[in-house]
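Input: a single structure, listed below in structure tokens.
The values are calculated or read from the model by the stated rules, or taken from the named source; none is laboratory data. Quantities reported herein were computed from a predicted structural model and do not represent experimental measurements. Here Cβ is always computed from backbone atoms with ideal geometry, including for glycine, and neighbour counts include all displayed protein chains. Surface areas here come from the heavy atoms of the whole protein model, side chains and all, with no ligands, DNA or RNA. Shrake-Rupley method; radii C 1.70, N 1.55, O 1.52, S 1.80 Å.
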Amino acid sequence: KMLSPCSKVGDPRPGQPYKGGDFYAFLPDNREGQKTAMLLKKAFEHGLTFQIKSCNGEERVTWGLIPHKTSWDGGKARNGYPDAQYLREVCTVL
């Protein structure tokens, strides 16, 4: 378990322990993908990538509101590629 270093707006139970996790996201290695990676890094530095949610009385880290591709395949329905609009949509959100 990790301890929240400080209370932030949006924490369901500020100061209480919460579970972390492993998070992976995929971008194409091209100009648009690299631009998106820079914007995602800025979002991360500003605390916008993740959020803490309460689920069955347990707090855990989850993805925030920024959409991420968590699979190379499966298409849009499975948060994967192919998805021709993803880079445009995520850059609009960012």
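One residue is enough: does the stretch 73-94 have a residue meeting the conditions within 28 Å of Tyr18 (Cβ to Cβ), touching a helix residue (DSSP H, G or I) at 6+ places or on another chain (Cβ under 6 Å) and not hydrophobic (A, V, I, L, M, F, W, C)? No, the conditions are met nowhere in the stretch 73-94. Taking the criterion of being farther than 17 Å from Tyr81 by Cβ, open to solvent by less than 30 Å² (accessible area, probe 1.4 Å) and in a helix (DSSP H, G or I), the only residue of the stretch 26-66 that qualifies is Ala43.
When the stretch 72-94 is examined, which residues are found to be under 19 Å from Lys41 (Cα atoms) and either surrounded by fewer than 14 Cβ atoms within 10 Å (Cβ to Cβ) or at pLDDT below 90 (or both)?
From the stretch 72-94, those under 19 Å from Lys41 (Cα atoms) are 86-94; that's our starting set.
Selection gives Arg88, Glu89, Cys91, Thr92, Val93.
Being among the aromatic types (Phe, Trp, Tyr) and touching a Lys or Arg at 6+ places or on another chain (Cβ under 9 Å) is the filter here, so list the residues in the stretch 52-94 that pass it. Selection gives Tyr81, Tyr86.
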